[in-house]
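The values are calculated or read from the model by the stated rules, or taken from the named source; none is laboratory data. Nothing here was measured: the structure is a model prediction, and the numbers come from that model. Here the Cβ positions follow ideal geometry from the backbone for every residue, glycine too, while neighbour counts run over all protein chains shown. Surface accessibility is based on the protein's heavy atoms, side chains included, excluding ligands, DNA and RNA. Shrake-Rupley method; radii C 1.70, N 1.55, O 1.52, S 1.80 Å.
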Amino acid sequence: TEYEKQICGTGIFNSLEAIYQDPKYKLNLNKKDPFWICRQQEKPYFKRACFDDFKDIIMVITNQDFAKAAKFVEGIKEDDYANGAIDNLATYAAYFILRQPSYDYAIDICHNLQFRLHTNCIAGLGAGFMTAGVPGQEYLKAIEICHSPRITNDERAACFERVLRPIGLRYSPAVCRQAFTLVHE
């Protein structure tokens, strides 16, 4: 199926990403254009997997600088691939963002990108906060960012879409009720 091909591609590009970062393989990473190999993929499912999974590479190249890494994503011409890549990058970057005293700068980073990337960038932050947050309380910061007065209604809807599903799957009914109360405040 298309989904199985996409997952297969993810495995391929995750492995390539790891090989690039391991000095024993002596592969030279193109630090000016890390997505060059993605653009050469002919199969859409491999192209998507490559753009989505090279988030680690661009974070390594930029010394974990979300703003600089996001600029690489702006160079992806196709909106669909660019939006998937920024969503995945923002989700990954949340691990670093949540260790800062405030996440407002991450919203600013999303808003300083090309307009076409704003909504998926914010949604990725929400998903990342659910992944990287304090265990058992991930939803608190995720809901907080989705409620931010600094984001648009479209961004808020996309953020909550990425946050609410995992809440329902991950937590007890009592915690779900508490989380849904916070959402509707």
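How many percent of all Cα-Cα pairs in the chain sit more than 20 Å apart? For the chain, the share of Cα pairs beyond 20 Å comes to 55 percent.
Relative to the longest principal axis of the Cα atoms of the chain, the long axis of helix 153-170 lies at roughly 80 degrees. Angle of helix 2-21 to the longest C-alpha principal axis of the chain, folded into 0 to 90 degrees and rounded to 10: 70°.
Principal-axis analysis of the Cα atoms of the chain puts helix 173-183 at an angle of about 90° to the longest axis. Legend: residue pairs Lys5/Lys47; Lys5/Lys32; Lys31/Lys71; Lys5/Lys31; Lys31/Lys77; Lys47/Lys77, Cα-Cα distance threshold 20 Å; pairs beyond threshold, Lys5/Lys32; Lys5/Lys31.
In the chain, the DSSP-assigned H stretches of four residues or longer account for a calculated mean residue ellipticity at 222 nm of -21500 deg cm²/dmol, using -39500 (n - 2.57) per stretch and the full residue count as denominator. Only protein atoms count toward the accessible area here, which uses a 1.4 Å probe; on the chain, the carbon and sulfur part of that area reaches 54 percent.
Cysteines in the chain that lack a partner Cβ within the 4.7 Å cut-off: Cys8, Cys176. Can you compute the label reach from Lys26? Point 7 Å from Cα along the Cβ direction, backbone N cut-off under 12 Å, restricted to the stretch 40-84. In the stretch 40-84, the label zone of Lys26 (backbone N under 12 Å from the point 7 Å along Cα→Cβ) covers no residue.
Averaged per residue, the chain has 54 square angstrom of accessible surface, using a 1.4 angstrom probe with ligands and nucleic acids left out. Could you tell me the distance between the Cα centroids of the stretch 139-185 and the stretch 15-54, to the nearest Å? With the stretch 139-185 and the stretch 15-54 each reduced to a Cα centre, they are spaced 33 Å. Give, as a single signed number, the net charge of other residues whose beta carbon lies under 12 Å from the beta carbon of Phe115, with Lys and Arg counted +1 and Asp and Glu -1. Combined, the nearby Lys, Arg, Asp and Glu give -3.
For Thr152 and Gln178, a Förster radius of 30 Å and the Cβ-Cβ distance give a FRET efficiency of 0.70, rounded to the nearest 0.05.
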